[in-house]
Amino acid sequence: MDENEFLAARFEENRTHLKVVAYRMLGSLSEAEDAVQEAWIRLSRSDDRQIDNLGGWLTTVVGRVCLDMLRSRRSRREEPLEAGTPDGHTPDPVLGPQPGSDPEQQALIADSVGLALLVVLETLGPAERLAFVLHDMFAVPFDEIGRIVDRTPAGARQLASRARRRVQGVNPAPDPDLSRRREVVEAFLAAARGGDFDALVAVLDPDVVARSDSGAGGVGAPSLVRGAAWVARQAMMFAPFARSSQMALVDGALAVISTREGQRFSVMRFTIEWGRVTELYVINDPARLPELDLTVLND
């Protein structure tokens, strides 16, 4: 057996595991196959053929490939998004044993997660999903995950923690320090007023989520946008209203009230964790605005 045959044999030993990893990351059997095939291509082209922990190396490679695929999937979306499937993707269920199914399919069935969890995973941002899947399901260390998502190990741990709370249906705990949260919101407003895109991105979490509620007759922006660059672009359009705004509290969360011709036009509620905005909720439904229990904060 020559070197290439030996490498191929070692890869095949890990194929089923890699497909399970990719399936949990992508929720698509066909895309999981593509990710695993890409991992093989990268391995076959690698100059380093003496990889001690090949399974770990391949798991990391598949994670990188899946992360790129998830980001590409989101960047292609054009339609307004439904809550619960931010990129419009519906996970493929793994069917029960079929007559004549091969051992790989049997293993995938035995080790797969339920469709309900896959649907929940679809609500996570790409980096959150990778951190949660690789760490919580496959025990990949945070330092390795951090290298994949370009974060520190502590940053990767935060991604997994936030994802875990969302999977468990627990709302993220906001930063308890009101003055610190105000500083973040003020930085957001200053960047929006000045049209400073880079400053906006800097104050937003990379996987920030922005939701909007325009009511039954609302038109314009999608109901959900994810990612710092996408949200920053939306915030740039908010700039004219940021010049006439007031800081307030809504259910304990910091918010910004924007007015137009002396009338309340929208309320933007902020969730802030670790000094960055992680969620934005914009309410500009005329029917809801008068009903909000707001406490205007003094300057």
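The values are calculated or read from the model by the stated rules, or taken from the named source; none is laboratory data. Everything numeric in this text was worked out from a predicted model, so none of it was measured. All Cβ positions, even for glycine, are placed from backbone atoms using ideal geometry, and neighbour counts span all protein chains on display. The protein model used for the area step is the full one, side chains on, heavy atoms only, and it has no ligands, DNA or RNA in it. Shrake-Rupley method; radii C 1.70, N 1.55, O 1.52, S 1.80 Å.
Listing for the model above:
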| item | result |
| --- | --- |
| Residue selected from the stretch 262-280 under the condition under 11 Å from Val250 (Cβ atoms) and out of contact with any Ser or Thr (no Cβ under 8 Å at 6 or more places or on another chain), by the criterion least open to solvent (accessible area, probe 1.4 Å) | Phe270 |
| Selection count, the stretch 38-61, where residues are modelled with pLDDT of 90 or more and exposed (fewer than 13 other Cβ atoms within 10 Å of the Cβ) | 1 |
| Failed condition for Ala35, given (1) over 18 Å from the mean Cα position of the chain (by Cα); (2) open to solvent by 10 Å² or more (accessible area, probe 1.4 Å) | (2) |
| Filter pass, Leu18 being more than 21 Å from Leu159 (Cβ to Cβ), at pLDDT 80 or above and not hydroxyl-bearing (Ser, Thr, Tyr) | yes |
